[in-house]
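See structure below.
The values are calculated or read from the model by the stated rules, or taken from the named source; none is laboratory data. These numbers were taken from a predicted model, which means no experiment stands behind them. Positions of Cβ are generated from backbone atoms using ideal geometry, with glycine treated the same way; all protein chains shown enter the neighbour counts. All accessible areas refer to the heavy atoms of the entire protein, side chains included, with ligands and DNA or RNA removed. Shrake-Rupley method; radii C 1.70, N 1.55, O 1.52, S 1.80 Å.
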Amino acid sequence: MRNISMKKLMRKLSKVTHSTKYSILQPNPPKRGSDIVPAGHFPVYVGVDQDRTERFVVRAELLHHPLFLELLHRSAQEYGYDQTGVLRIPVIVVVFERVLESVKLGESYSCLDELLGHSVSCL
């Protein structure tokens with residue numbers, strides 16, 4: 001059942017057109033009055049505390065990366081599969097930025113714990 005709901009969430013988030021015009025990461029909110037998200041991208045709010053969330057605009061192709069899938073799973077655990085509005089990911093911003101950096105550099109970590117240097121083995 002979890003896989004079906006995760007697939008629904010991924011399908012919902014990936015319904016955008018591809019574009020190579022923008023980089024993998026565009027931190028911080030757009031200028032006031034401009035909530036435009038470029039084609040092939042989607043917005044995401046990252047942070048554990050509601051008062052310390054940052055808005056990122058990331059490429060839709062990240063939806064298939066194992067580290068990003070783990071972040072989506074954490075989001076689903078925290079907020080459920082039926083969350084509405086902008087996707088929220090409950091990790092500290094530094095961790096999210098490290099995931100984006102790893103993807104950009106083509107590093108092949110199998111889970112967040114491995115990426116962050118924890119001695120816990122990935123499942």
(request) Only residues that are open to solvent by 60 Å² or more (accessible area, probe 1.4 Å), out of contact with any strand residue (DSSP E or B) (no Cβ under 7 Å at 6 or more places or on another chain) and modelled with pLDDT under 90: list them for the range 79-100, please. (result) Y81, D82, T84, G85
(request) Look at H118 and say whether it is open to solvent by 60 Å² or more (accessible area, probe 1.4 Å), within 20 Å of G40 (Cβ to Cβ) and either of a type outside the set (K, R) or at pLDDT 85 or above (or both). (result) no
(request) Could you list all residues from the range 103-123 that are more than 20 Å from T53 (Cβ to Cβ) and either free of Cβ contacts under 8 Å to residues at least 12 places away in the same chain or under 13 Å from the mean Cα position of the chain (by Cα) (or both)? (result) V103, L105, G106, E107, S108, D113, E114, G117, H118, S119, V120, S121
(request) Kindly list the number of the only condition in (1) basic (K, R); (2) over 14 Å from L100 (Cβ atoms); (3) modelled with pLDDT of 90 or more that fails for R55. (result) (2)
